[in-house]
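To keep things clear, I will list the structure first and then write my remarks on it.
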Amino acid sequence: MTVITVNSPKGRLSPEQRRTLARTLTDAVLVPEVGRFAPAARVGFQVHFTEREPDMMAIGGQLLADAGPDADAMVIDVTVMDGDWRRDVRAEVIGRVLAALADACGLPEPSPAWWVTFRVIDEGSWGSRGTVLSMLSLLDTGVFTEEKAQAVRTALGT
């Protein structure tokens with residue numbers, strides 16, 4: 001289970017860009033998480049788009065509304081269940097998220113004013129369907145590669 005929240009100035013992303021990002025941001029996290037492209041795993045991912053008025057965001061100590069039309073700032077928060085999230089895997093996800101965002105925005109590279117946060121929710125601290133969920137219960141779904149499933153078991157100490 002993964003939630004990706006894109007915080008941007010109002011109007012920064014068009015509906016078509018959001019459609020593209022719904023898919024590409026999901027896949028940017030899904031592939032490193034399960035070890036391969038697995039469309040069946042997409043159901044466990046949500047992408048939320050939050051827009052803020054330019055006078056509700058600031059960069060460099062200045063409201064975007066006052067900084068001019070070229071001012072740009074976005075924060076993408078990736079929240080995942082505990083699992084195999086070593087530093088190199090997190091770095092891969094962050095790079096993939098920024099690349100997907102640049103591609104959707106038609107830019108050759110990500111803006112330095114786009115920041116990605118990566119948060120891992122401790123085992124036993126994620127709930128759905130009326131109960132607490134565990135990454136371990138998802139390993140038998142068939143979407144994880146065997147190598148990735150073993151890495152998750154190792155990371156969770158089982």
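The values are calculated or read from the model by the stated rules, or taken from the named source; none is laboratory data. Not measured: the values here are computed from a predicted model. Note: ideal-geometry Cβ built from the backbone for every residue, glycine included; neighbour counts use all protein chains shown. In case anyone asks, the SASA skips ligands and DNA or RNA and just uses the protein heavy atoms, side chains included. Shrake-Rupley method; radii C 1.70, N 1.55, O 1.52, S 1.80 Å.
When you check A65 against the structure, is it touching an Asp or Glu at 6+ places or on another chain (Cβ under 9 Å), over 30 Å from E146 (Cβ atoms) and loosely packed, with under 15 Cβ neighbours inside 10 Å, yes or no? Judged against the criteria, A65 is a match. So which of V78, V116, V120 ends up being under 17 Å from the mean Cα position of the chain (by Cα) and touching a residue at least 60 places away in the same chain (Cβ under 8 Å)? Within the list V78, V116, V120, the selection yields V78. Considered as a group, the residues in the stretch 24-41 that are of a type in the set (D, E, K, R) and surrounded by 16 or more Cβ atoms within 10 Å (Cβ to Cβ) include one that is farthest from T79 (Cα to Cα), and that residue is D27. Given the criteria touching a strand residue (DSSP E or B) at 6+ places or on another chain (Cβ under 7 Å), open to solvent by 60 Å² or more (accessible area, probe 1.4 Å), modelled with pLDDT of 95 or more and more than 24 Å from K10 (Cβ to Cβ), does R52 qualify? No, not satisfied.
Applying the criterion of being out of contact with any Leu (no Cβ under 9 Å at 6 or more places or on another chain) and either of a type in the set (S, T, N, Q) or not in a helix (DSSP H, G or I) (or both) to the residues of the stretch 2-16, the residue that is nearest to L133 (Cα to Cα) is V3.
Can you confirm whether V47 is within 24 Å of S125 (Cβ to Cβ), open to solvent by less than 20 Å² (accessible area, probe 1.4 Å), aliphatic (A, V, I, L, M) and at pLDDT 95 or above? In short, no. Residues of the stretch 105-129 that are at pLDDT 90 or above and open to solvent by 90 Å² or more (accessible area, probe 1.4 Å): P108, E109, P112, W115, R119, D122.
Within the stretch 129-158, residues that are farther than 16 Å from A41 by Cβ have Cβ atoms under 8 Å from residues that are open to solvent by 90 Å² or more (accessible area, probe 1.4 Å) and basic (K, R) in these pairs: A155/R86, counting only partners at least 6 apart in sequence or on another chain. Exactly one residue among R42, R52, R18, R23 is over 21 Å from A155 (Cα atoms) and touching a residue at least 40 places away in the same chain (Cβ under 8 Å), and that residue is R52.
For the stretch 89-103, indicate whether the set of residues that are open to solvent by 60 Å² or more (accessible area, probe 1.4 Å), of a type in the set (D, E, K, R), free of Cβ contacts under 8 Å to residues at least 24 places away in the same chain and not in a strand (DSSP E or B) is non-empty. So far as the stretch 89-103 goes, no, none of its residues is open to solvent by 60 Å² or more (accessible area, probe 1.4 Å), of a type in the set (D, E, K, R), free of Cβ contacts under 8 Å to residues at least 24 places away in the same chain and not in a strand (DSSP E or B).
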